[in-house]
Amino acid sequence: GAGVSQSPSNKVTEKGKDVELRCDPISGHTALYWYRQRLGQGLEFLIYFQGNSAPDKSGLPSDRFSAERTGESVSTLTIQRTQQEDSAVYLCASSLGVSSNSYEQYFGPGTRLTVT
Amino acid sequence: DQQVKQNSPSLSVQEGRISILNCDYTNSMFDYFLWYKKYPAEGPTFLISISSIKDKNEDGRFTVFLNKSAKHLSLHIVPSQPGDSAVYFCAARAYNNNDMRFGAGTRLTVKP
């Protein structure tokens, strides 16, 4: 009965390096979401997956950000050529998806990314 | 594009009193609204929700009110307890989309 897990929990990287953040959703949850929360700010929607496809990529801040999901399970968020403004907590959430009447999202603990 | 707005970044109330957290939205296609609670270093956790066909939903000490004409919802916590101190996020979902938009959050502090 595991919840949503994310790895790593903390990541410190140098400016210009690429990073990969991983999310393992709750088994059976077809919808998966990525958000980020910068210091002192609210949740910023990045991207959402229904199954393995992403109907809405409108929140990705730049073309340095990409995400994929495979097997209707694990998702990775990749940030290329990281910049200091990418420093934030990246949160992943999953939900039962469009076939369900439940829109409640279950969040992981987040990955704190620090770009130095 | 801030479709969900929580204009009060913080709120402080005395234990035992009512806490009222407000949320406004702009997208008339939103049909489902949720409140999440977030403690430091943890992900948000679901608290209560309301469908646009209702104007009130109650769960114990928590009640959410929806005013569709004003595009406004509020979360009432009564009586407030020190353990309620957290950041509260309002979220909304559009009927033609499965993504979720969140407000910036309101930090509630309940003083003993």
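Please treat every number below as a calculation from the coordinates, not as lab data. Just so we're clear, the structure is a prediction, and the values are computed from it rather than from any experiment. A quick note on method: Cβ atoms are made from the backbone with ideal geometry, for glycine too, and the neighbour counts reach across all protein chains shown.
Quick notes on this structure:
- Normalised by the number of residues in chain A, the average gap of Cα pairs under 8 Å and 6 or more apart makes the relative contact order 36 percent.
- Taking other residues whose beta carbon is less than 15 angstrom from the beta carbon of residue B:75, and scoring Lys, Arg as +1 and Asp, Glu as -1, yields +3.
- Taking Lys and Arg as +1 and Asp and Glu as -1, the other residues whose beta-carbon sits under 12 Å from that of residue B:85 total +2.
- Peptides A:82-89, B:83-90, A:30-37, ordered by how many other C-beta atoms sit within 10 Å of their residues on average, highest first, read A:30-37, B:83-90, A:82-89.
- Nitroxide proxy distance, nm - points 7 Å out along Cα→Cβ at residue B:107 and residue A:76: 3.6
- Restricting the range B:1-96 to GluC sites (Glu not before Pro) that sit in a DSSP loop and have at most 14 other Cβ atoms within 10 Å of their own Cβ leaves B:15, B:42.
- Residues considered: A:59, A:71, A:40. Largest GNM mean-square fluctuation over chain A, using C-alpha springs under 10 Å, is found at A:40.
- 10 Å Cβ neighbours from other chains, averaged over peptide A:35-45: 5
- Across peptide B:37-49, the average count of Cβ atoms from other chains found within 10 Å of a residue's Cβ is 4.
- Restricting attention to chain B, lysine pairs at least eight places apart or on different chains and with alpha-carbon atoms under 26 angstrom apart total 21.
- Along each principal axis, Cα extent of the range B:51-112, largest first, Å: 43, 22, 19
- Computed as a quarter of the hull surface, the mean projected area of the alpha carbon convex hull for the protein assembly as shown stands at 12.4 nm².
- Put in line by how crowded their Cβ is, counting other Cβ atoms within 10 Å and starting with the fewest, B:13, B:78 read B:78, B:13.
- Centre-to-centre, using Cα atoms only, the range A:46-94 and the range A:8-26 are separated by 11 Å.
- Taking the DSSP beta bridges with both ends in the range B:33-74, the antiparallel portion is around 100 percent.
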